[in-house]
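Comments concern the structure below.
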Amino acid sequence: MSSFQVSKPVLAGKELEYVTQAIESGWISSNGEFIRRFEAIVSEYLGIDGGMAVCNGTAALHLACMGMNLEPCQEVIVPALTYVASANAVTYCGATPVFADVDSRTWNISARTIEDAWTDKTVGVMAVHLYGLPAPMPEIVDLCRDRGAWVIEDCAESFGAAIDGRLTGTFGHAASFSFYGNKIISTGEGGMVFVRDAEARSHVLKLRGQGMADRRYWHDVVGYNYRMTNVAAAIGLGQMEQAAMHLAERQRIATVYREALREAESQQLVSLPATPRGFDNCHWLFSLVLECAPDSSDDAYAFRQELMDRLECNHGIETRPFFVAMHKLPMYAGLQPHPLPKAEKLSSRGLNLPTYTGLAEEDIHAIAGALLTELNKLIG
Ligand SMILES: *Cc1c(COP(=O)(O)O)cnc(C)c1O
């Protein structure tokens, strides 16, 4: 096993105490006080009402799409560079994800790349805040307003990130969060969905719980069992009480990585996360792009793999590659009418580094040092 994992949950608050209380109370399924308290603390943190806890972030995205009444024959613009769940949520509704290229500096979609992907079937945009940097929401919201489309924010990687002090998740018509074990706040498996429109929100609430109306066992729509357990919510409450600490830790870690990699960046060996003015990156995973990788995507992919293998074998450092671009996956290949060169380029060159609460400063320097040593040997 690696000495340094890319990510690990740190349960340093009252998680165990709350889980014990949940078990002792006998409420271990999806009723119980911790669900309500967890929903309340996340909603309060974001400053938006009505967060609905669900069993994972993918279910949150699916519910958000259903809250927008997404239907077959409709299209949703999704970034080409994201985790597969963003696209799958659209597909679950029978609709079609259409992939937009990303900006080579921010790694996110922008109003420009969205416009390039727009068709007369486009009804909405799935904005993803990749690796913790917010997508440019003001311009995306403006574009969608002008065109009568909705916006869902996939905030799975951006808990606590903001633009001009406004948190991600508060810009769109709906927002989803993930509390998977490697996310900033974790419940083991879990998620939360926010829907701005009150009527759509109660529809989503009903779909979360098997589509049951006011009368017991009377179901007037095909619903889902997407509920979170009280035990998971108990972990989440303990995590949320320490949200500020977990977020501050990521800022600290990113600052040290930047310092350690500044010279490599100025030599154009790597590029580090962009810092658009007013954007607060929450640095879910501190990431970089190997600018010194070979030109062709296949060669760059092999170069990065070799680097990752050497980091693991020679230094016990686990790293992760950027996501595979969506239009390269078998089920989405062939959907794409135009090329997506930037997403492809980033996908073959991007790397996530260990990022978790408690990662020591000297360890960050050691990781950055090992990266530069192996990189220089490879290009040497
Ligand atoms: C983690 C993640 C999800 C899905 O969350 P799960 O809780 O694993 O279902 C969705 N979108 C993005 C961008 C993610 O990183």
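The values are calculated or read from the model by the stated rules, or taken from the named source; none is laboratory data. Just so we're clear, the structure is a prediction, and the values are computed from it rather than from any experiment. All Cβ positions, even for glycine, are placed from backbone atoms using ideal geometry, and neighbour counts span all protein chains on display.
Here are some conditions: (1) surrounded by fewer than 24 Cβ atoms within 10 Å (Cβ to Cβ); (2) within 16 Å of the ligand (Cβ to nearest atom); (3) not β-branched (Val, Ile, Thr). PHE99 meets all but one. Which one does it not meet? Looking at each condition in turn, PHE99 falls short on (1).
Residues checked against (1) in a loop (DSSP other than H, G, I, E, B); (2) surrounded by 14 or more Cβ atoms within 10 Å (Cβ to Cβ); (3) touching a strand residue (DSSP E or B) at 6+ places or on another chain (Cβ under 7 Å); (4) of a type outside the set (Gly, Ala, Ser):
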| position | (1), (2), (3), (4) |
| --- | --- |
| ASP309 | no, no, no, yes |
| PHE323 | yes, yes, no, yes |
| MET331 | yes, no, no, yes |
| HIS338 | yes, no, no, yes |
| LEU346 | no, yes, yes, yes |
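The conditions of being closer than 23 Å to GLY51 by Cβ, without any contact (Cβ under 8 Å) to a residue 12 or more places away in the chain and either buried (at least 16 other Cβ atoms within 10 Å of the Cβ) or not assigned by the TED database to the domain that holds ILE152 (or both) are met by ALA248. Just one of the numbered conditions (1) over 23 Å from the mean Cα position of the chain (by Cα); (2) under 29 Å from ILE253 (Cβ atoms); (3) surrounded by fewer than 17 Cβ atoms within 10 Å (Cβ to Cβ) is not true of ALA12: (1). Looking at ASN314, ASN376, ASN352, ASN281, just one residue is buried (at least 21 other Cβ atoms within 10 Å of the Cβ) and either in contact with a Gly (Cβ under 9 Å, 6 or more places away or on another chain) or of a type outside the set (D, E, K, R) (or both), and that residue is ASN281.
Consider region 278-296 and keep the residues that are within 11 Å of TYR131 (Cβ to Cβ) and either part of a loop (DSSP other than H, G, I, E, B) or not assigned by the TED database to the domain that holds LEU307 (or both). The one that is nearest to the ligand (Cβ to nearest atom) is TRP284. In region 353-380, the residues that are of a type in the set (Phe, Trp, Tyr) form Cβ pairs under 7 Å with partners that are not in a helix (DSSP H, G or I), at six or more places apart or across chains, as follows: TYR356/SER7; TYR356/LYS8; TYR356/VAL10. Taking the conditions (1) aromatic (Phe, Trp, Tyr); (2) without any contact (Cβ under 8 Å) to a residue 40 or more places away in the chain; (3) under 27 Å from ILE77 (Cβ atoms) in turn, TYR217 satisfies each one other than (3). Checking the structure you have, find out if any residue of region 209-220 is within 16 Å of the ligand (Cβ to nearest atom), of a type in the set (A, V, I, L, M, F, W, C) and not in a loop (DSSP other than H, G, I, E, B). Within region 209-220 (the criterion being within 16 Å of the ligand (Cβ to nearest atom), of a type in the set (A, V, I, L, M, F, W, C) and not in a loop (DSSP other than H, G, I, E, B)), the answer is no, since none of the residues qualifies. Quick check, is THR275 β-branched (Val, Ile, Thr), surrounded by fewer than 16 Cβ atoms within 10 Å (Cβ to Cβ) and either under 19 Å from LYS345 (Cβ atoms) or not assigned by the TED database to the domain that holds TYR83 (or both)? Criteria met by THR275.
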